[in-house]
Amino acid sequence: MRTAHTLVAALVLMVGAAHADTVQVAVAANFAGPVKQIAADFEQATGHKTVVSTGATGKFYAQIVNGAPFDVLLSADDKTPAKLEQEGHAQAGTRFTYAIGRLVLWSPKPGVVDGEGAVLKTGDFRHLSLANPKVAPYGQAAVETLQAQGTYDRLSPRFVLGENIAQAHQFVASGNAELGFVALSQVTKDGKITEGSAWVVPLSMHAPIRQDAAVLAKGKDNPAAAAFLDFLKGDKAKAVIRSFGYDLP
Amino acid sequence: MSFSAADLTAVGLTLRLAGLTTVLLLLVGTPLAWWLARTRSPAKGAVGAVVALPLVLPPTVLGFYLLVTLGPNGPLGKLTTALGLGTLPFTFPGLVVASVLYSLPFVVQPLTNAFAAIPERMLEAAATLRAGPLDAFFHVAVPLARPGFLTAMVLGFAHTVGEFGVVLMIGGNIPNQTRVISVQIYDHVEALEYAEAHWLAGGMLLFSFLVLLALYTINPPGKRGL
């Protein structure tokens, strides 16, 4: 009798394991903080497993086109997922905006950045860090902001470019650049900026950073991929996303 | 389709960096290699190991420590700031410092092997002919170690041209300052400019092959100094 129970228990476990799938998620560097929390919640809620890779959206695009094993992309922009869908690398009808990014001018030191970004016009600094505008949406937004402010030409010789927004943040956080344009999510916890001084760039100064997600061709038959995006649309994930300073559509 | 102005700037910058690094490495590496080849000091093993470290360490380790120590909060960064030089990350001199460390074993090891292969009696003979130590070094040791010098220069130069990880971490991708060829290729690939990437990447492949071909033709492998 006892053996029969054990057998049943073992079978139940095996069946359970068969239903748990693994979703491989490529995530834009700015979303590294929130996705950690969301992935943990998702695993707990569904029993599926996640494997998260963070990096530059442009690099992920090249990797996906060349056969990278990702099921889902959480992009830093809306162009890349649209392009992937058009080219057949992403599943049609799965795209949606999961967050709207906010750009912030930030220094780890208090009193360096004022609430209007006037430091860009008058400040005495050697290096201004931003993500490479050629490949990173946050870098592009930073350039648009400087152009709107009329400081681009004067400041461009002081640019140091991070390979992605994580490196742009690291250059500033390590003190090697005095200030830089980073994602609000990188310096925010529970809705508050954690340290230093910051100017949250008004949305009027750059094109909105609409961050879209999509199921990729590789994740078409993976139930965990669709489940992950469903979870991302849910209230629990939305609360996490908001707490990192993102807007929601 | 061919090289853009930005590509050529990167090429020029890379050649400047590799050239300056090679000169500095010969100045630093020659006495160091001589010492390593001749000394009986118990510190020999430790110094040799430190020199060889860049061969086995990931560039991220070197890049990380350089960023931290040369930055405004690091000990060397405080020193350079106090000397009025500012901090070195994101500058050409910073890349030179990094490259000298990174390519050190490629210069010191061939020189050490070449010096070690010089028979002691040659130097003793020079001494009996009243050559001073410096005289003996320049007129006996250096000519005998010529293949070692050639290998050291070529590998030091080529290895610096091929540097990527360290530059990515402390360079900041600044045109004509820190955007070397390898970073420019990376940018092209990231931006999906594959045609541009092919020009530079193919050029690098050809350059590296020709350099090594020349070296191995003049200094066949297995001969002294390699």
So the A/B interface buries, both sides summed and with a 1.4 Å probe, an accessible area in Å² (nearest 100) of 1800
Can you list the HN-Hα couplings for segment B:67-84, worked out from phi with the Karplus curve (6.51, -1.76, 1.60; θ = phi - 60°), rounded to whole Hz and with x for Gly and Pro? 4, 6, 7, 8, x, x, 9, x, x, 6, x, 5, 5, 5, 5, 5, 7, x
At a Cα cut-off below 25 Å, give the lysines reachable from residue A:36, other chains included and same-chain residues fewer than 8 away excluded. A:49, A:59, A:79, A:189, A:192, A:218, A:220, A:233, A:236, A:238
Going by amide H atoms built from the backbone, whose H comes under 5 Å of the H on residue A:197, apart from near neighbours? A:107, A:109, A:111, A:112, A:113
Rg from C-alpha atoms of segment A:13-107, normalised by the globular rule of thumb 2.2 N^0.38 Å, equals 1.19
Under the Karplus relation with 6.51, -1.76 and 1.60 and θ = phi - 60°, whole-Hz ³J(HN,Hα) for segment A:118-129, x at Gly and Pro, equal 5, 4, 5, 8, 10, x, 9, 9, 8, 10, 10, 8
Residues in segment A:41-71 that, when all protein chains are in place, have 10 Å² or more less accessible area than the chain alone would give (probe 1.4 Å): A:58, A:59, A:61, A:62, A:66
Less than 10 Å Cβ to Cβ from residue B:14, Lys/Arg counted +1 and Asp/Glu -1: what total charge do the surrounding residues give? +1
Could you give each residue of segment B:115-123 its phi-based ³J(HN,Hα) in whole Hz, using Karplus coefficients 6.51, -1.76, 1.60 with θ = phi - 60°, and x for Gly or Pro? 5, 5, 7, 7, x, 4, 5, 4, 6
Taking 7 Å along the Cα-to-C-beta vector as the label spot, tell me the residue A:220-residue B:195 distance in nanometres, rounded to one decimal. 3.1
Computed FRET value (nearest 0.05) for residue A:194 with residue A:153, which takes r as the C-beta separation and R₀ as 30 Å: 0.35
For residue A:49, list long-range residues whose amide hydrogen, built 1.01 Å from N in the peptide plane, is under 5 Å from its own amide hydrogen. A:21, A:22, A:23
Can you give the helix-only mean residue ellipticity at 222 nm for the protein assembly as shown, where every DSSP H stretch with n ≥ 4 adds -39500 (n - 2.57) and the sum goes over all residues, rounded to the nearest 500 deg cm²/dmol? -17500 deg cm²/dmol
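Could you tell me which of rounded, prolate or oblate describes segment A:103-200, using a ≥ b ≥ c as the square roots of the eigenvalues of the alpha-carbon gyration tensor, with rounded for a/c under 1.5 and, failing that, prolate when a/b is larger than b/c and oblate otherwise? Don't jump to the answer; show the numbers that get you there.
Details: a/c = 1.41, a/b = 1.15, b/c = 1.23.
Taking the square roots of the gyration eigenvalues as a ≥ b ≥ c, segment A:103-200 is rounded.
Which trypsin sites (Lys or Arg not before Pro) from segment B:34-73 combine a DSSP loop assignment with at most 11 other Cβ atoms within 10 Å? Before the final figure, lay out the partial values.
Values: sites: B:38, B:40, B:44; in loops: B:40.
When the trypsin sites (Lys or Arg not before Pro) of segment B:34-73 are filtered for loop state and at most 11 Cβ neighbours within 10 Å, B:40 remain.
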Measure nothing fancy, just the Cα-based angle from helix B:146-161's long axis to the longest principal axis of chain B, in degrees from 0 to 90, nearest 10. 20
Within chain A, which is the longest segment containing none of the GluC sites (Glu not before Pro) that sit in a DSSP loop and have at most 16 other Cβ atoms within 10 Å? A:1-86
Taking all protein chains in place and a 1.4 Å probe, what share, in percent, of the accessible surface of segment B:19-116 do carbon and sulfur account for? 76
Could you give the alpha-carbon Rg of the protein assembly as shown over 2.2 N^0.38 Å, rounded to two decimals? 1.21
About the Cα centre, charge dipole magnitude for the protein assembly as shown (Lys/Arg +1, Asp/Glu -1 at Cβ), debye: 1160
With the full set of protein chains in place, find how many percent of the accessible area of chain A is carbon and sulfur; take the probe as 1.4 Å. 55
Gaussian network model of chain A, Cα springs within a sub-10 Å range: biggest mean-square fluctuation belongs to which of A:212, A:230, A:124? A:124
Counting only heavy atoms of protein chains, what accessible area per residue, in Å², does the protein assembly as shown have with a probe of 1.4 Å? 47
Taking amide H positions as placed in the peptide plane 1.01 Å from N, state which residues far from residue A:214 in sequence (5 or more) or on other chains have amide H under 5 Å from it. A:73, A:75
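The values are calculated or read from the model by the stated rules, or taken from the named source; none is laboratory data. This one's a predicted model, so the numbers in the text were calculated from it and none came from an experiment. Glycine gets a Cβ as well: all are built from the backbone with ideal geometry, and neighbour counts include every protein chain shown. We work out accessible area using only protein heavy atoms, side chains counted, and drop any ligands, DNA or RNA first. Shrake-Rupley method; radii C 1.70, N 1.55, O 1.52, S 1.80 Å.
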